[in-house]
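Asker: Have a look at this one before I ask anything.
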Amino acid sequence: MESLQSNLVLIETTPDPHTVVEIHPEPAAQTSPPAEVTAGEKGLLTKPEPTPGESSTPEEGRKVLREHLVNRLNFVHFQDEVIQVHFTHRQCDRELSMAAAPQPCLGEILECRWAEKTDVASLLRWHDLKYILVPRGQKFIKAVVEVLEIDDRGARLALPGVSFETSHRKVERQRCRDISVVVIQNSSSFSGTLLDFNAGSFRVELAAAPPQSFGWIDASLPVTGIFFDGNQTYYSGECRVLRHSQGASSRSYVLEPLKHEIQRYRKAEIRSQRQKLSPSPNLIFRHPLTRKRVDLKVVDLSGSGLSVEEDDHAAVLLPGLILPEIEIRFADSLSITCSAQVVFRKPAALKDNALRVHCGLALIDVSARDHVKMLALLHQVKDKNSYICNDLDLEALWDFLFETGFIYPKKYALIHKNKEPIKQTYEKLYTRSPEIARHFVYQDNGVILGHMAMLRFWQNSWLIHHHAARKSALNKAGLVVLDQIGRFTHDTFRFRSLHMDYLVCYYRPQNKFPQRLFGGFAKLVDNPRGCSVDSFAYLSMSKAGAEADSLPEGWQLMPAAAGDVEDLEYFYAQASGGLMLKALDLEPATWQSDGLCREFQKLGFRRERHVFSLKRDGRLKALMFAHVSEIGLNLSELTNCVHAVVLDPEGLSRATLTAGIRAVTQATGQQEVPALIFPLAYAQNSGMPVEKTYNLWAFHIYGQGQAYLKYVNRMLRHV
């Protein structure tokens, strides 16, 4: 009888998710034999009270002739789907259904095979086969059939000349395909398969292998259910046992999830801005549990999630369900592919007298190109003049950078000899490299009013640079692009494939705006592990002179070793305690990573990082790291320079350090590139010809992202 239990489904309305359904047998009838198939199946077949206003009986609609019914049956066979065969108890108002696979049908006779092994003889003691339900889109065809033959394998049925299309009011159960299940309670684990589900409950069949016993599962306590296929987990969550069948080696359990809302990410005071689009895009995916295609209208969309509505009776989205691949399609002209997780399910307004449910999905991961497309669209909806990675007129960009004074005379004197290579670099950056570059533009009628760019120059850190705005216009343009970057990072940092853990910026403290923005935010946070500022002396090697052509006797410059980087980590923790080493990949676990260099190479760019140790008689005095990239990748050449960190200043003269920096540039094949020296106090105390000071601002997005958005919003309100 265990085989019969898993194949019988009581025709019922699904109880409200918050209704407690006790597991106990129904009282025995006073007269007549029991209505259950077996006494052990009472728990499985317990019938809850119908939801008020609902009926488990299909409502008959328009007529369907036999030839159309046959065509539909053959379509079901073609799709490897099933029909529902309904049985009615002879002495009480109880219906059972069994899934059956129809065979190719030529006319009046239908042959079908039970989808699962079953004991029909026991079933037929008290039940008669009455009709079949054939799926037809969101409705069914109800055909009252005549039984010609029936056994444990299947049935031969005579089809009627006329059937009726029905509107099935009950919540449909979706048949699952090849989904494995593990149910855990009190460290006991039972394996099995997922038979079917609806948005309110699951039906699983579990096996007990000795020494296991189903007595180990206490039906009055929650269990944890895990659904998976191969290495991909689709669902895990705590469930309540509604009912179960009996059996020593296998049992069917009906489980109800305890949570109807999950928290994929931590709650945030400032959330991603959701936009209602017209026309609304479609959410299209293949359901991981049924393998069927699902197509739903998107209600609203943000850079980190979306929501949809679906009919309650055909709902397929369960809170906690992972959707490995979804497609957000905009009028068949733009398509974005990503993965997502269902995070909530709530009642929505009635539509055509049918109950709807509102479901929210959080994005899990998305490619860089697709995410830029989506955010560019959403930013345009919010403000028609805001653009992300748009097809920018580079001639207009250069005009803007000169007009705003971003490229001032001294800076142009440094770059004019390489103006053609720089133009080529920017053509690639601004048109073909969204994996490593972003630009944000505020423009009106083609006139650029504000501009800011980002470059992924470290494994999980992005460099903010090229911030400029016209002084004449609207003039919040500079802050608007800052706000764009803030919202962009807020919508991006959760996705591991986009590598946005930190934001980094070099700025001169004498410049009022960046000092107010970046320096002011660091002061507000007041925690260098969340946002730090480290000051460097900027040294132009062409002006440093040649105090020493080579290192003095006893001094050595050599490739850094792991122990040297560990010494750097200890020194920096004492000197600053900030984020520089984490953001710039200079920790013991990251300093030798070269994955980003390969990515740059694939995109047609050059990026190298070389780390050297300057030692005296084997004792580490300074650690230097040289970045090598295209000229002009950063117009201040901060991506093409040498950073020198002085760990032990004793006996290290400015001439020796300068000679070491020159040796590094020669070893890496560079010309006269600038140097940044840390700590600033060493450069000042040693009398080095410091041209200017740069602050390195580093910001941990996960820890301080909300505080940064609030800070920028406050600046926008008061400017």
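Asker: Name the residues in the stretch 98-111 that are modelled with pLDDT under 90 and buried (at least 20 other Cβ atoms within 10 Å of the Cβ), would you?
Answerer: Across the stretch 98-111, the qualifying residues are M98, A99.
Asker: Just the residues that are under 23 Å from K428 (Cα atoms), surrounded by 14 or more Cβ atoms within 10 Å (Cβ to Cβ) and free of Cβ contacts under 8 Å to residues at least 60 places away in the same chain, please, taken from the stretch 378-393.
Answerer: Result: Y387, C389, N390, L392, D393.
Asker: Hey, another quick one. Picking from S302, S249, S333, S272, which residue would you name as being out of contact with any Pro (no Cβ under 7 Å at 6 or more places or on another chain), more than 24 Å from Q232 (Cβ to Cβ), in the same structural domain as I179 (by TED's automatic domain parsing) and hydroxyl-bearing (S, T, Y)?
Answerer: The match here is S249.
Asker: For the stretch 553-576, which positions are outside any helix (DSSP H, G or I) and either in contact with a strand residue (DSSP E or B) (Cβ under 7 Å, 6 or more places away or on another chain) or at pLDDT 95 or above (or both)?
Answerer: Passing the criteria: G554, W555, Q556, L557, M558, P559, A560, A561, S576.
Asker: I'd like to know if the stretch 164-174 contains one or more residues that are among the β-branched types (V, I, T) and at pLDDT 90 or above.
Answerer: no
Asker: What are the pairs, 6+ residues apart or on separate chains, where a residue within the stretch 86-101 that is over 9 Å from W126 (Cβ atoms) has its Cβ under 6 Å from a residue that is surrounded by fewer than 16 Cβ atoms within 10 Å (Cβ to Cβ) and not hydrophobic (A, V, I, L, M, F, W, C)?
Answerer: Partner pairs satisfying both residue conditions: H86/K130; T88/D128; T88/K130; A101/R113.
Asker: Only one of these is modelled with pLDDT under 90 and under 21 Å from R356 (Cβ atoms): H287, H260. Name it.
Answerer: H260
Asker: Just need a number here: residues in the stretch 661-705 that are outside any loop (DSSP other than H, G, I, E, B) and in contact (Cβ under 8 Å) with a residue 24 or more places away in the chain.
Answerer: 29
Asker: Related question: Quick check, is G604 surrounded by fewer than 20 Cβ atoms within 10 Å (Cβ to Cβ), within 14 Å of D564 (Cβ to Cβ) and out of contact with any Phe, Trp or Tyr (no Cβ under 6 Å at 6 or more places or on another chain)?
Answerer: The answer is no for G604.
Asker: Working only within the stretch 666-685, note down all residues that are surrounded by 17 or more Cβ atoms within 10 Å (Cβ to Cβ) and either closer than 24 Å to K476 by Cα or at pLDDT 90 or above (or both).
Answerer: A675, L676, I677, F678, P679, L680, Y682, A683
Asker: Is there a residue in the stretch 417-434 that is touching a residue at least 24 places away in the same chain (Cβ under 8 Å), over 19 Å from M715 (Cα atoms) and assigned to a loop (DSSP other than H, G, I, E, B)?
Answerer: For the stretch 417-434, residues touching a residue at least 24 places away in the same chain (Cβ under 8 Å), over 19 Å from M715 (Cα atoms) and assigned to a loop (DSSP other than H, G, I, E, B): present.
Asker: Given the criteria at pLDDT below 95, under 30 Å from Y426 (Cα atoms) and surrounded by fewer than 21 Cβ atoms within 10 Å (Cβ to Cβ), does D594 qualify?
Answerer: Answer is yes for this residue.
Asker: Any chance the stretch 342-358 includes a residue that's within 30 Å of N390 (Cα to Cα) and not aromatic (F, W, Y)?
Answerer: No.
Asker: Within the stretch 623-648, track down each residue that is modelled with pLDDT under 95 and part of a loop (DSSP other than H, G, I, E, B).
Answerer: Answer for the stretch 623-648, where residues must be modelled with pLDDT under 95 and part of a loop (DSSP other than H, G, I, E, B): E630, I631, G632, L633, N634, L635, S636, E637, L638, T639, N640, C641.
Asker: What number of residues within the stretch 360-403 are farther than 20 Å from L633 by Cβ, of a type outside the set (G, A, S) and part of a loop (DSSP other than H, G, I, E, B)?
Answerer: Matching residues across the stretch 360-403 total 6.
Asker: If you don't mind, there's one more thing I want to ask. Could you tell me whether any residue of the stretch 622-641 is among the small types (G, A, S) and touching a helix residue (DSSP H, G or I) at 6+ places or on another chain (Cβ under 6 Å)?
Answerer: Yes: the stretch 622-641 contains one or more residues that are among the small types (G, A, S) and touching a helix residue (DSSP H, G or I) at 6+ places or on another chain (Cβ under 6 Å).
Asker: Sticking with this one: For the stretch 581-600, which positions are assigned to a helix (DSSP H, G or I) and of a type in the set (D, E, K, R)?
Answerer: Matches in the stretch 581-600: K582, R598, E599.
Asker: Being in contact (Cβ under 8 Å) with a residue 12 or more places away in the chain, surrounded by 13 or more Cβ atoms within 10 Å (Cβ to Cβ) and small (G, A, S) is the requirement here; does A575 meet it?
Answerer: Judged against the criteria, A575 is a match.
Asker: Further question on the same structure: Would you check if there is a residue in the stretch 543-552 being of a type in the set (G, A, S), at pLDDT below 90 and surrounded by 13 or more Cβ atoms within 10 Å (Cβ to Cβ)?
Answerer: yes
Asker: Can you find even one residue in the stretch 199-213 that is touching a residue at least 60 places away in the same chain (Cβ under 8 Å) and over 25 Å from E116 (Cβ atoms)?
Answerer: no
The values are calculated or read from the model by the stated rules, or taken from the named source; none is laboratory data. Remember, it's a predicted structure, so these values are computed and weren't measured experimentally. Reconstructed Cβ throughout: ideal geometry from the backbone, glycine too, with neighbour counts over all protein chains shown.
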